[in-house]
Amino acid sequence: MKDRVFKKTRLMFVSPWLLAAAIGLLTLIIVIFAANNIKRERGMLSEGLYRKGEAIIRFVEAGMRASMMTGMMGGMMGLNVPDVDGVAQTQRLIEQASESPDIHYIAVIDVSGKVLVHSDPEKIGTNISREINILDKADTGGTFHIVKHPGLIHKVFEVLGPFRPFKGRGGINRWREKFRQQYPTQGPAPPDSWHQSSLGSEEHPQFILVGLDMTELENTIKRYRVQMIFMSLTLLLVGLGGWISLMAAQGYSVSQETLKRMRAFTGLLISKLPVGIIATDHENKIRTFNSTAAAMTGISLETVQNGEPEAVLPMEVSRFFSPHDNKDEMTDRAVSLVGADNVRYSLHLSSLPVFNQDSNFMGRVLLMYDLSELKRLEKEIQRHDRLVALGKMAAGVAHEVRNPLSSIKGFATLLGSKFKDGSQEHEAADLLVHEAERLNRSITELLNYARPTTLKKEQINLGDLVSSSLKLISSDAQALGVKTSLETDPNIPDITADRDRINQVLLNLYLNGLQAMEDSSREKELKVSVHFDDTEGRIRINVQDNGKGIPQESIDKVLDPYFTTKPEGTGLGLALAYKIIDEHDGTIRFKSTEGQGTTVIVTLPV
């Protein structure tokens with residue numbers, strides 16, 4: 001159970017460092033994810049600007065090529081077409097193309113960085129200056145570079161590509177020859193001055209620079225960055241919220257499990273307590289009724305559950321739950337109840353109201369303490385004190401009476417010898433002698449009871465001793481028609497006791513049981529059992545008859561000296577048996593139902 005609870009609760013008790021590491025790892029993952037997304041978006045936007053720059057380059061090349069071809073066609077057809085200047089034509093194309101607001105400049109440069117054509121005519125002939133020489137990194141397919149110009153707020157996305165309006169083998173000469181072949185009869189050939197320019201010459205490699213405005217790209221990147229930061233924070237908060245929710249759910253689950261275990265433990269504890277507990281709610285309905293209370297009242301839990309105390313409980317108990325007695329005070333009373341199996345309980349009842357934190361009445365709790373054993377011990381002590389006092393008095397009285405009694409017996413014997421046998425005087429003297437002897441025997445028994453008994457203890461087996469003692473009364477039992485039976489545990493340990501004294505006690509109990517069944521019309525049976533109680537370390541002897549039983553009002557007096565219900569009894573037999581068992585540190589108890597029989601329980605320590 002403990003291991004299972006630990007497995008369920010370990011998430012709730014993680015180290016703060018582990019929690020911080022988990023949050024840090026989550027943050028790192030989100031930051032990397034956001035950075036990668038921003039980088040990918042920036043790459044996509046840069047790719048778009050690059051494609052736009054390439055399109056502008058292709059446009060300039062196509063425009064220059066178209067202008068050249070128009071001049072060539074006009075000359076070959078004999079039209080009055082002015083001579084074409086490649087540089088001027090390219091300048092006009094670049095100036096027209098750079099009128100778009102998202103194009104900062106367009107320039108054609110050579111391998112040394114000299115500006116051949118520029119959208120700003122003032123920069124023709126100058127050299128470009130860069131911290132990184134992009135010409136070294138340029139390939140035949142073109143590249144791009146982001147630069148910062150001192151006169152511009154935003155950076156410039158600069159696309160660099162080879163400037164080759166006439167691609168392929170032969171270049172402009174190939175185009176010229178092609179058109180001559182196509183129009184052989186169209187007048188004289190145009191002059192060669194239009195292609196004498198170095199622009200587009202394959203002998204001198206040239207590059208074209210297109211500077212594009214990055215304002216939209218940077219604004220887009222900023223917006224995307226803000227979105228990614230917001231999304232990252234949202235994911236982080238969601239992750240933290242999930243973690244906290246997990247911890248809260250785990251905590252709730254653990255608390256519910258703990259509450260269930262506490263309720264189960266409390267229910268088990270209340271049900272097994274040796275104190276009777278009855279509790280009602282604010283509606284005066286019974287909610288708690290443990291097994292001890294059921295035994296004390298003789299009522300089952302199913303009968304009283306959710307019922308009103310006045311309707312289901314005995315009057316001695318229900319009056320503690322009066323709805324008009326809800327004061328903040330405890331009520332105590334001592335009552336006597338007949339519970340389950342007709343066992344009479346001497347109880348002390350304590351009742352107190354229950355209030356919540358707002359001082360509202362929530363119900364009442366009744367505690368039922370069993371004082372039966374305490375009462376029995378009190379009676380045992382009282383009886384013991386009485387017997388001690390009686391013994392001391394009997395010893396003194398016996399010594400004082402015995403001497404005069406001997407004199408009376410002697411004079412009675414002498415007096416009887418003076419008369420003839422059979423005479424009235426002789427019979428009176430004999431009666432006086434017999435009564436003196438009977439009185440002397442009673443005094444002897446009283447002295448034996450009062451005098452401390454000298455025990456001759458030895459190791460004995462109670463099972464064998466009980467079996468032997470039963471054989472001594474077998475003839476008497478046969479004469480009365482009583483069936484005897486013996487039940488003995490096979491492994492009864494030996495005890496240290498006085499064999500003769502214990503045998504004397506057993507014979508006394510057997511004879512009392514036989515005498516109680518003399519007038520019974522039912523099948524007569526004397527049951528004897530010997531058992532070892534290893535929890536208490538005691539041997540228990542039960543002597544049970546089915547005779548007339550002992551009245552309830554007399555059961556507490558049977559061990560008192562001179563108490564007897566027999567016409568010829570002295571009342572010292574059970575008192576002497578109690579004295580012998582008490583000197584062996586044992587106990588002797590009686591359970592009896594009038595008209596059904598009596599059970600005597602003797603316990604002796606091992």
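Numerical summary
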quantity	calculated
Estimated vicinal HN-Hα couplings, Hz - region 425-436 in sequence order (Karplus 6.51, -1.76, 1.60; Gly, Pro = x)	5, 5, 5, 5, 5, 4, 4, 5, 5, 4, 5, 5
Calculated from backbone phi, Karplus (6.51, -1.76, 1.60) coupling profile of region 291-307 in Hz, x at Gly/Pro	5, 5, 5, 5, 5, 6, 9, x, 10, 7, 4, 4, 6, 9, 4, 6, x
Relative exposure of 499, 65, judged by other C-beta atoms within 10 Å (fewest first)	499, 65
Estimated FRET transfer efficiency when R0 is 35 angstrom, pair residue 283-residue 250 (beta carbons, to 0.05)	0.45
Amide proton proximity set for residue 362, modelled H, under 5 Å, gap of 5+	354, 355, 356
Neighbourhood net charge (15 Å Cβ-Cβ; Lys/Arg +1, Asp/Glu -1) for residue 457	-4
Net lengthening on full extension, residue 22/residue 478 (0.36 nm per residue, minus Cα-Cα)	155.0 nm
Protection-proxy order for peptides 50-58, 415-423, each taking the mean of Cβ atoms within 10 Å per residue, highest first	50-58, 415-423
Ranked list, fewest to most other Cβ atoms within 10 Å of each Cβ, for 118, 154	154, 118
Given 483/579; 379/471; 456/557; 409/579; 375/579; 114/155, the pairs whose alpha carbons are separated by over 27 Å	483/579; 379/471; 456/557; 409/579
Residue exposure sequence - 408, 109, 146 - by fewest surrounding Cβ within 10 Å	146, 408, 109
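Any read-out appearing in this document is the output of simple, stated calculations on the displayed coordinates, not a laboratory observation. Remember, it's a predicted structure, so these values are computed and weren't measured experimentally. When we count neighbours, we look across all protein chains shown, and the Cβ atoms used for this are built from the backbone with ideal geometry, even at glycine.
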